[in-house]
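Every number here is computed from the coordinates shown, using simple stated rules; none is lab data. Predicted model, so just to flag it, every value in this text is computed and none were measured. Note: ideal-geometry Cβ built from the backbone for every residue, glycine included; neighbour counts use all protein chains shown.
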């Protein structure tokens with residue numbers, strides 16, 4: 001409905017001869033101000049050369065003279081707003097599209113015939129997933145869902161490195177615990193892993209092989225067993241929140257295929273490589289960055305920027321239309337160097353969308369907590385899911401902007417009250433389902449002409465909110481900000497709960513009004529269910 005009014009407004013502007021580039025239509029914060037509002041007169045006053053109120057008056061007169069049946073009332077309001085009320089009959093008729101589309105309502109083909117690669121989580125197999133990984137995982141998966149609802153063909157990818165120092169130290173840490181089982185106490189290596197899961201891995205090796213690898217600290221069985229154990233643990237955790245990847249990309253592939261050497265040589269050909277202090281440097285300043293970066297240490301070991309550049313070239317070579325990287329705040333400094341290198345190598349870096357999320361603190365009684373001594377010196381995602389459930393975990397991780405630090409309040413997460421946003425939204429859905437069960441008529445046989453009885457302002461406001469769902473989904477594909485959907489669902493649920501509290505939906509003495517209101521309830525159920533599905537959260541029918 002918002003788009004329909006915007007079309008009316010643009011048509012009027014064209015007829016008047018006013019510019020059509022800067023046009024913003026929004027839902028007013030105060031519903032008494034109408035269904036939609038625009039500040040067009042104020043933001044275009046200077047260009048047009050008239051006062052905002054004069055412009056507003058001219059536009060209102062033009063739209064009124066057109067006699068468009070969409071508009072019930074349109075006013076110019078100081079200092080230069082235009083407020084609009086939509087014809088209630090037109091609003092009611094739009095409900096039919098929600099019912100007809102059902103589980104597809106909100107989907108569009110914006111991304112038709114386009115493919116998107118979303119890389120997220122990408123934790124090396126050195127330990128269980130933390131709550132930080134959890135925010136990354138759920139943010140990435142929800143972005144995938146959003147793009148899928150907008151018609152994109154999605155590939156969820158997990159990038160990992162099972163070589164290098166981290167993995168070597170992991171194997172050495174397991175060896176130390178293995179030797180403990182044989183009665184020898186060795187020191188954990190510098191930067192080693194000390195979680196109890198390391199002892200579990202060592203015991204698996206001991207139970208199978210006994211003393212076979214005593215004194216053989218470099219045997220690959222320690223690293224290999226650890227990698228298999230941890231990856232299995234990671235996949236089990238991700239499965240708990242409904243997440244499954246389409247592809248796993250091993251960093252070793254970049255070395256096996258000579259992509260690392262090719263990248264260095266291609267950067268050299270662009271005069272973007274030089275040697276200093278025995279190391280190889282990327283001349284990032286020539287690519288617009290503030291300082292040059294080492295990409296190969298004096299030891300011959302690449303820094304993480306080099307394989308990242310090569311990996312992104314591989315992404316481009318696979319011909320995706322959109323590439324999304326989901327990183328934690330610790331990547332804030334590195335990713336611009338990677339993009340600068342990609343751009344210098346003549347790739348279209350505008351295809352890359354980088355999402356950076358801030359850190360997570362889990363709170364209980366207002367204080368930071370550690371939930372699992374078993375998983376070492378951090379809070380595991382697995383233990384958080386076990387504590388509060390998958391639905392709450394998913395919702396809480398995306399209900400705030402990724403740009404803000406997230407305080408995950410355990411007490412709130414476990415509350416069964418309106419204060420808990422997940423409970424509040426799911427309860428609205430369950431309440432809809434309960435009313436539909438109580439309705440004694442046939443939903444499929446409701447006379448749609450009864451919808452003309454939905455005349456109350458509170459009904460109009462609810463219908464308007466329902467009809468903005470498609471626009472929220474569409475806009476979310478552009479911003480890649482899942483909290484816009486969670487915020488929308490919270491507002492919609494609030495509107496519905498208010499309606500339920502104030503109006504009698506099922507009235508045995510008024511069959512026609514009952515049918516109209518049940519139709520509205522059913523449309524509300526569909527939109528809440530679809531919105532929760534985009535977020536990967538269940539929509540219970542009973543609570």
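Details
- For the peptides 226-232, 513-519, the ranking by packing is 513-519, 226-232, with the highest mean count of neighbouring Cβ atoms within 10 Å listed first.
- Mean Cβ count within 10 Å, highest first, over the residues of peptides 402-410, 486-494: 486-494, 402-410
- Degrees separating the helix 511-535 axis from the principal Cα axis of the chain, which is the longest one: 20 degrees
- Stretching residue 361 away from residue 15 to a fully extended chain increases their span by 119.0 nm, per 0.36 nm per residue minus the current alpha-carbon distance.
- Crossing angle, helix 483-502 versus the chain [Cα axis fit, 0-90 degrees, rounded to tens]: 40 degrees
- Separation of the range 141-159 and the range 258-322, taken as the distance between their Cα centroids, equals 28 angstrom.
- With the helix formula -39500 (n - 2.57) applied to DSSP H stretches of n ≥ 4, the chain reaches a computed 222 nm mean residue ellipticity of -15500 deg cm²/dmol.
- Ranked by the mean number of other Cβ atoms within 10 Å of their residues, highest first, the peptides 235-242, 421-428 come out as 421-428, 235-242.
- Summarising the overall dimensions of the range 18-164 from its C-alpha atoms, the Rg and Dmax are 23.5, 73 angstrom.
- Paramagnetic reach from residue 185 in the range 210-226 [backbone N under 20 Å; point 7 Å along Cα→Cβ]: 215
- Alpha-carbon Rg/Rh ratio, for the chain, with Rh computed the Kirkwood way: 1.06
- Length released on extending from residue 211 to residue 29, taking residue separation times 0.36 nm less the Cα-Cα span: 58.4 nm
- Principal-axis tilt of helix 259-269 within the chain, Cα atoms, nearest 10 degrees: 80 degrees
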